[in-house]
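Worksheet: the structure to be examined is printed underneath.
Quick note: the coordinates plus some simple rules give every number you see, no bench work behind them. Here the structure is a predicted model, which means the values were calculated and not measured. We place every Cβ from the backbone using ideal geometry, glycine too, and count neighbours over all the protein chains shown.
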Amino acid sequence: MVYEEQNLSRAAEKCFVSQPNISNGLKQLEETIGKGLFMRHKRGVEIKEDAHYLYPIAKRFWGELNAIPEMFKEGNFKRKIIIGIADSLPQEFKNDFFKEASKVLGDIEWDVRPIGRDCEINLLIREWKFEEHLFLPLVKENYVLCIPENNPLTEKDTIEIMDLSGEPFIHCPPCEAHQQSLTILNNSGEKWNTIANCQSKNEVLTLLMSGLGITFLPEYFVSGWTGFKIKNYNGPKNFREIGLSYARKSLKNKKVAKLIDYFSNEEVEFFKKVEYTEKRPR
């Protein structure tokens, strides 16, 4: 206020305090920063260069300080959720999840990261959750047998386990469905002809569409892509569950607690009604 009025008396009047209080406060500020801010004279004060530098900073801090009570009033404070998103989830599912969640939570700020313990919630596959976290399933996704269009097996109505013996296979070691299928075929005395090992389903899909070999992939994940056919398979059926994992302490965030409570309700059938089978835009 002294900066704006360039006069101690007028500044005191505007602040509803006495002039000695303004003078003492100004003196303490100058001693704290080790700089003189004003040159005092009979008609008021003369502003020094350091005061010109300090004024906009102080003005901004003062405005933010005064805004704090308003920010925390009910309905005005935007809460944030730190959410981790796993790789290889169906894009349509992620779209629908955020639409539904934002509709339930109202005004919310998302902090989206890779899955991790530092996230309040994680959207992922059950097998990827951290041991100490709880898991809330949202949707079950079946694995399907995918065969390149140039493979003669596409002519068969139903594929038997023995039909896969010696066929070029794109393997994904981190995937449980692949591990189970390998075990069953090996126990039958047959073996895969592994032509590639991939660390993610995105890589598997790329090689599949290139016609390099057969593989198992989640049904919704491959929906809409070309270069291969999904075939009926007379063998072990595998699936994965997509859902939310979270630590109990995350429920201290009221928005997280509300989201978990909503999706925990058995009457909520949003994801059960969604068909992730439409063609994806190219």
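Can you list the cysteines of the chain that have no other Cys Cβ under 4.7 Å away?
By the Cβ distance rule, which asks for a partner under 4.7 Å, the isolated cysteines are C15, C119, C146, C198.
For the range 140-240, what proportion of DSSP beta bridges, expressed in % and rounded to the nearest 5, is antiparallel? Spell out each step's value before the answer.
Details: 10 of 18 bridges.
Of all bridge pairs located within the range 140-240, approximately 55 percent are antiparallel.
What distance in nm lies between label points placed 7 Å from Cα along the C-beta direction at N151 and R117?
Spacing of the two 7 Å Cα→Cβ label points: 4.0 nm.
Inverting the mean 1/r over all pairs of different Cα atoms, compute the Kirkwood radius of the range 140-240 and quote it in Å. Walk me through the numbers before you get to the answer.
Numbers: mean 1/r = 0.0749 Å⁻¹.
About 13.3 Å, per the Kirkwood formula over Cα pairs.
Where does each of V17, V144 land when they are ranked from fewest to most other beta-carbon atoms within 10 angstrom? Present the calculation step by step, with values, prior to reporting the outcome.
Working: V17 13, V144 21.
Ranked by crowding around the Cβ, least crowded first: V17, V144.
Once you wrap a convex hull around the alpha carbon atoms of the range 2-71, what is its projected area averaged over all directions, in nm²?
Working: hull surface 20.6 nm².
Reported value for the Cα convex hull: 5.2 nm².
Give me F16, F130 sorted ascending by neighbouring Cβ count inside 10 Å, so fewest comes first. If you can, show how the numbers build up before the last one.
Numbers: F16 6, F130 16.
Ranking F16, F130 by Cβ neighbours within 10 Å, fewest first, gives F16, F130.
Taking the Cα atoms only, what angle lies between the long axis of helix 176-187 and the longest principal axis of the chain, rounded to 10 degrees?
Helix 176-187 sits at roughly 20 degrees to that axis.
Might you report the magnitude of the Cβ-based charge dipole of the range 140-240 about its Cα centre, with Lys and Arg at +1 and Asp and Glu at -1, to the nearest 20 debye?
Values: 8 positive and 11 negative charges, 44 e Å.
Taking the Cα centre of the range 140-240 as origin, the dipole is about 220 debye.
What FRET efficiency, computed as 1/(1 + (r/R0)^6) with R0 = 22 Å and r the Cβ-Cβ distance, is obtained for K140 and K94, rounded to the nearest 0.05? All intermediate terms of the calculation are to be shown ahead of the outcome.
Working: r = 16 Å, r/R0 = 0.74.
The formula returns an efficiency of 0.85 here.
Distance in nm between label sites at S165 and N7, each 7 Å beyond Cα in the beta-carbon direction?
Calculated label separation equals 10.3 nm.
In whole Å, how far is the Cα centre of the range 78-122 from that of the range 195-256?
The range 78-122 and the range 195-256 have Cα centres spaced 19 Å from each other.
Run through the DSSP bridge list for the chain and note the antiparallel percent, rounded to the nearest 5. Walk me through the numbers on the way to the answer.
On the way: 25 of 43 bridges.
Here the antiparallel bridges make up roughly 60 percent for the chain.
On a 0 to 90 degree scale, rounded to 10, what angle separates helix 254-264 from the longest Cα axis of the chain?
20
Just round it to a whole percent: the fraction of Cα-Cα distances in the range 3-123 exceeding 26 Å. Numbers along the way, then the final one.
Values: 3726 of 7260 pairs.
Within the range 3-123, distances greater than 26 Å cover 51 percent of Cα pairs.
Note down the relative contact order for the chain as a percent, whole number, built from C-alpha pairs under 8 angstrom at least six residues apart.
Details: 418 pairs, mean separation 58.6, N = 282.
Contact order relative to length: 21 percent.
Can you give the helix-only mean residue ellipticity at 222 nm for the chain, where every DSSP H stretch with n ≥ 4 adds -39500 (n - 2.57) and the sum goes over all residues, rounded to the nearest 500 deg cm²/dmol? Please report the intermediate quantities before stating the final value.
Values: 10 runs with 105 residues, N = 282.
Here the helix-only value at 222 nm equals -11000 deg cm²/dmol.
For the chain, set up a GNM with springs between Cα atoms under 10 Å and report which of C15, C198, C172 has the largest fluctuation.
C15
Just grab the label-to-label distance for F239 and S200, each label 7 Å out from Cα along the Cβ direction, in nm (one decimal).
In this crude label model, F239 to S200 measures out at 2.7 nm.
Using only the alpha-carbon atoms of the chain, report the extent along each of the three principal axes, biggest first, to the nearest angstrom.
103, 41, 36
With angles folded into 0 to 90 degrees, how steeply does helix 49-71 sit against the dominant principal axis of the chain? Use alpha carbons for both and round to 10.
The angle comes out at about 60 degrees.
Among N122, I85, S250, which residue has its Cα furthest toward the positive end of the charge dipole of the chain, with +1 on Lys/Arg Cβ and -1 on Asp/Glu Cβ?
In the chain, that residue is S250.
Return D96, D157 ranked ascending by Cβ neighbour count within 10 Å, so the fewest neighbours appear first. All intermediate terms of the calculation are to be shown ahead of the outcome.
Values: D96 18, D157 6.
In order of increasing Cβ crowding within 10 Å: D157, D96.
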